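First up is the structure itself, then whatever we jot down about it.
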Amino acid sequence: MTEYIKTKWHILAVLIAVASLSIALYGCHYIPFGEGGNKDGVSSIIGVSQANMREEWRVALINELREETDKYEDIRIVTTDATGNASKQIQDIDNLIGFGIDLLIISPCDEKIMGDKIKEVHDSGIPVIVMDRAVEGFDYTLYIGPDNEVIGQQAGNYIVNLLGEKGGDVVVLSGNPTSVQGTERLSGFKSAVENVKNINIHEVYLGTESKDAAYDMTITAKRIVKDADVVFTYSDSMALGVCDALRFMGLDKKVMTVDCDGFKGVDEGLDLVSQGRLKATVSCPIGGKEAIDYALSILNNESGVPKQVILRSNIIDSTNVEENLSRINAETADDGRKIKVGYSQVGQESNWRLANTKSIEESAKEFNIDLHMEIADQSQEKQFEAIRSFINEGVDVIVVSPVVETGWDEVLREAKAAGIPVIMSDRNVVVENREENLTTTYIGADFVEEGRRAMRWIRDNVSKTKDTLRIMEIMGNVGASPTEERDQGFREILLENPGYEISYSDYGDFTFEGGRKVVREYLENNEWDIDIIFSQNDDMALGAIEELKEHGIKPDVDVKIISVDATTEAFEAMVRGELSCAVECNPVIGPQLMKAIRDLCSGKQMPFRIITDEKVYDQAVADEYIRKRLY
Ligand code: GZL
């Protein structure tokens, strides 16, 4: 090869190398710093792995993360774009770790493939915040995202109300079947409309979630669109395509459009509503601000970081679009003023409850909250009285840990009429109509998951000494959300695993004596033939153990005992070899609750739910952890 050609090939090789490096760093907000991640005055570097930069939502997330990070001199973010390719996203993550990031924020391409990589990073000690698309399991630090099923339901309910008794024809434009959020929104939408009489659904499949595809398909489907009352689609980009096509066909005054996303920006959902082109949009909050807020808490090792934050979505139409636009653009500032809070607490029924009350009282002082707590001794009537007294007092916020799930609509409407927001703490309520927004947010555990964890531990750790192992379930108080939901989660996993049966269950009201009573009454009528006890809290488990020992039945030997809460007393029982396993239900939610109250009073949008972080402990680790227990 002549020298000339070789030189040319050399130049070409260099150009290719430079090009491939810049492609690898594409979308990478790369901060040049010294070898080995020397950070030159930067205290923390946050790596952001975005699934793709094609969808508006994802671009909006990166912009929001950057806007929020720019407020901090000593924080930097490095962003990567996986271009929708899971293998590239894995490579991006390795590159980010190579940069020396201190925390990873990821919006996964593919929840299944990325779950393992996220677990690997999390287990390596680098905190991981997963956004938008939840991965299986809980091997990450924090999940922040919307509830897309609810978003779809809200859109469906809006259209049902819009069409009223007369009903009408709704054309549904659906996009990419592999899009998890699209599938969930569509599922939620259908759950809201499918059983409503006089509403006829005409589904049109686009195959992709783009403005142009929606435009073309709306025109192609003119035969059905022209007779429709509403076109529903679940993203701002598709909605713009629909609106443009309807205008092109002269149908935009006859056919209404409803969508999801509600982003700010020209020709995004909020703008289209403001222009009168979109009838309504269901907002899909992005969560960038919350992500940076929590990232800093995690990097500063602050307590009270939850496991999941489920962001709130709202119906936005011409009646409230201006209010929403000004809220989004308003800078929320906590003026630090003392906030008056009325707290209606369930009672003093268990060690968990005492620890919960202690956490709330201590955090109130720390967050400059004037707390007025009323203990209801597990009486709903007393809780009603307390709430009404708070309303008369004119507190800023009411917090309720409800003894049971139902019966709250009337008193919550009174609080709403008085303009006092209500936060549900520890336990949630079931109201007749979610759209009334009678409660502001829920801070507490995922009780269904706690029930699942208890049965998974049994499946994985209790040897099958016979064809069918007999289980006694000791439940909390009738109608309480932890009672209902722990039972639901436990039975869900039990049904997946043959060879177990719940042979006996009864209520123990979450108290020590209640647990004793259940075992005592069983023994009054039966020989002991139970292999496993699942107790829905520690106090009842400890009461059951006391009763068993009085009858010469050896706990953890003759019968395995699994409980929920994981209080210090449970750890002591595991160390003694009496309790087999304790599924954690964290009562120390004071910091999260007080932070939420301060955010609420400073004008921030409250998430739907804030779910606490919890683990499972058994005798193998009890001795190691007992000294670290906060309660
Ligand atoms: C759970 C809480 C339950 C505890 C019990 O969040 O409501 O009530 O599991 C307590 O110990 O009595």
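The values are calculated or read from the model by the stated rules, or taken from the named source; none is laboratory data. These figures come from a predicted structure and were not determined experimentally. Using ideal geometry, Cβ is built from the backbone for each residue, glycine included, and neighbour counts are taken over all protein chains shown. Keep in mind that these areas ignore ligands, DNA and RNA; they rest on the heavy atoms of the full protein, side chains included. Shrake-Rupley method; radii C 1.70, N 1.55, O 1.52, S 1.80 Å.
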Wholly enclosed helices (runs of 4 or more DSSP H) of region 185-287 bearing at least 2 residues closer than 29 Å to GLN605 by Cβ and under 26 Å from the mean Cα position of the chain (by Cα): 236-248, 269-274
Residue under evaluation VAL422, criteria (1) open to solvent by 10 Å² or more (accessible area, probe 1.4 Å); (2) away from the ligand (no atom under 11 Å from the Cβ); (3) over 30 Å from ASP556 (Cβ atoms), criterion not met: (1)
Test: THR483 is touching a Gly at 6+ places or on another chain (Cβ under 7 Å) and farther than 29 Å from VAL431 by Cβ: no
Matching residues, region 441-486, being more than 21 Å from PHE510 (Cβ to Cβ) and within 16 Å of the ligand (Cβ to nearest atom): THR441
Residue match in region 546-561 (condition: within 16 Å of the ligand (Cβ to nearest atom) and open to solvent by less than 10 Å² (accessible area, probe 1.4 Å)): yes
Total residues in region 609-631, condition under 21 Å from MET424 (Cα atoms), open to solvent by 30 Å² or more (accessible area, probe 1.4 Å) and modelled with pLDDT of 90 or more: 1
Single match in LYS307, LYS279 (criterion: open to solvent by 50 Å² or more (accessible area, probe 1.4 Å) and either in contact (Cβ under 8 Å) with a residue 40 or more places away in the chain or out of contact with any Gly (no Cβ under 6 Å at 6 or more places or on another chain) (or both)): LYS279
Test: ASN324 is open to solvent by less than 20 Å² (accessible area, probe 1.4 Å), at pLDDT below 95 and within 30 Å of SER274 (Cα to Cα): yes
Selection status of GLU349, surrounded by fewer than 18 Cβ atoms within 10 Å (Cβ to Cβ), assigned to a loop (DSSP other than H, G, I, E, B) and either modelled with pLDDT under 95 or of a type in the set (D, E, K, R) (or both): no
Boolean, ILE533 is within 16 Å of the ligand (Cβ to nearest atom), in contact (Cβ under 8 Å) with a residue 40 or more places away in the chain and in a strand (DSSP E or B): yes
Residues located in region 32-76, provided they are among the β-branched types (Val, Ile, Thr) and at pLDDT below 90: VAL42, VAL59
So VAL557, is it farther than 17 Å from GLN536 by Cα and either assigned to a strand (DSSP E or B) or out of contact with any Gly (no Cβ under 7 Å at 6 or more places or on another chain) (or both): yes
Region 411-431, residues that are assigned to a loop (DSSP other than H, G, I, E, B) and either in contact with a Ser or Thr (Cβ under 9 Å, 6 or more places away or on another chain) or hydroxyl-bearing (Ser, Thr, Tyr) (or both): PRO421, ARG427, ASN428, VAL429, VAL430, VAL431
Scope region 504-530; condition among the polar types (S, T, N, Q) and either within 21 Å of GLY479 (Cα to Cα) or within 16 Å of the ligand (Cβ to nearest atom) (or both); matching residues: SER505, THR511
Region 370-410: number of residues that are closer than 11 Å to GLY342 by Cβ, open to solvent by 10 Å² or more (accessible area, probe 1.4 Å) and either in a strand (DSSP E or B) or within 16 Å of the ligand (Cβ to nearest atom) (or both): 5
Strands (runs of 3 or more DSSP E) within region 94-157 that include 1 or more residues in contact with a Lys or Arg (Cβ under 8 Å, 6 or more places away or on another chain): 103-107, 142-146
